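Everything on this sheet refers to the single structure shown next.
The values are calculated or read from the model by the stated rules, or taken from the named source; none is laboratory data. These figures come from a predicted structure and were not determined experimentally. Note: ideal-geometry Cβ built from the backbone for every residue, glycine included; neighbour counts use all protein chains shown.
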Amino acid sequence: MAWSTSNRRSELPRDWARIRRRILRRDRGACTNTFSDGRQCEQPATDVDHIVPGNDHSDTNLRSLCGWCHRHKSSSEGGTAAGQRVVSSARPPTTHPALEG
């Protein structure tokens, strides 16, 4: 996540460092991401991710991810959110005047 352009850090609880250490320890320092083909990522975890985006900081909503998997997931979520904000300016389909009847 690009912290320099985000307000997300200010939304984390004061004890985030403690929570982060606990989750990384729980997941044994390994990335917990499973790819679409069923393979498990084998990289060391460096980040703690919210499974469901938002402010639920419970252990069941947190998991350890490597930097690549976390950036990929966050980027995907950002793109999805941006797509939902786009207002369609498409015109309704028209019919040729000779075909109107």
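Of everything in the range 1-33 that is among the β-branched types (Val, Ile, Thr) and modelled with pLDDT of 95 or more, the residue that is nearest to residue 73 (Cα to Cα) is 32.
Considering only residues in the range 28-72 that are among the polar types (S, T, N, Q) and in contact with a helix residue (DSSP H, G or I) (Cβ under 9 Å, 6 or more places away or on another chain), the one that is surrounded by the fewest Cβ atoms within 10 Å (Cβ to Cβ) turns out to be 55. Just give me the residues in the range 42-59 being assigned to a strand (DSSP E or B) and either of a type in the set (Ser, Thr, Tyr) or farther than 16 Å from residue 9 by Cα (or both), in sequence order. 44, the sole residue that qualifies. None of 46, 32 is among the polar types (S, T, N, Q) and out of contact with any Leu (no Cβ under 7 Å at 6 or more places or on another chain) except 46.
On the given criteria, is residue 90 in a loop (DSSP other than H, G, I, E, B), out of contact with any strand residue (DSSP E or B) (no Cβ under 9 Å at 6 or more places or on another chain) and either modelled with pLDDT under 95 or exposed (fewer than 13 other Cβ atoms within 10 Å of the Cβ) (or both)? Against the criterion (in a loop (DSSP other than H, G, I, E, B), out of contact with any strand residue (DSSP E or B) (no Cβ under 9 Å at 6 or more places or on another chain) and either modelled with pLDDT under 95 or exposed (fewer than 13 other Cβ atoms within 10 Å of the Cβ) (or both)), residue 90 qualifies. It is to be established whether one or more residues within the range 34-41 are modelled with pLDDT of 80 or more and part of a helix (DSSP H, G or I). No, the range 34-41 has no match at all.
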